Amino acid sequence: MKNQKKQNFKRIKLAAQNEMDLLIFSTLCQDSIIKISNIRWAKRSKRFYLLLTRLCWEINYFSKTKPTLFKRVNSIMIFNNILSVKSKGIQQTETDMVASLLTINYNFSSFEEQFIELIFSGNAKILLEIECVDAFLKDVSDPFQSTSSGLPNHQNDYLNSKET
C-alpha cells in the first residue's frame, strides 16, 4: 500500500460525453490488453463492454518519479447508446485471443451518423455506431507489475516501418 501512495495512484473513474473526453480515454487506454472473451455487446440494453488490462500511463510515463517496474491495472470501459457493432480482424470465436488497443477515434458525420472506432494492433478494429457519446472508464483492481520489461515505443515502431 505504501508503494501506491508514493506513486499517488488513484483508481480512475471517468465519464466521456464528447470527443475530448474520448481522447483522454484513448490516452489512458493506449496499449491495453484485451482478451476477446472480455468484449461484449448487450444489444437490448445498447451497451458495449470491454474488460481490459491497461498500462498505467499516469504512473509509468506521466509521473514525476519514473518507476523501474511498470504497472498495469484491470479496468472496464462501457459505451452506452450503441446502435450497431462491426468488427474487422477480430475472430470472435477465438475467445482466448488477446488484442492490444492502440487508440480510440470519434467520427462525426452528422447527428444521425456518429461512430466510435476502437483500433487494435494487427489492423483489427471495432466500429460502434452510436446515438451520442456516453462512455465510462473505471479501474476495478489495484495496480500490479506488468510482465513487460519496458514501455511500448510507437514512435520507433513507426520509424522502423517507414524504413522497410
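Just so it is clear, none of the values below were taken in a lab; they were calculated from the coordinates. What you see is a predicted model, and the numbers here were worked out from it, not measured in a lab. We place every Cβ from the backbone using ideal geometry, glycine too, and count neighbours over all the protein chains shown.
Sorting the segments 81-91, 33-43 by their residues' average number of neighbouring beta-carbon atoms within 10 angstrom, most packed first, yields 33-43, 81-91. The fewest-to-most ranking of Tyr106, Tyr49 by surrounding Cβ atoms within 10 Å reads Tyr49, Tyr106.
With neighbour counts taken as other beta-carbon atoms within 10 Å, the residues Thr53, Thr27, Thr147, Thr95 rank, fewest first, as Thr147, Thr95, Thr27, Thr53.
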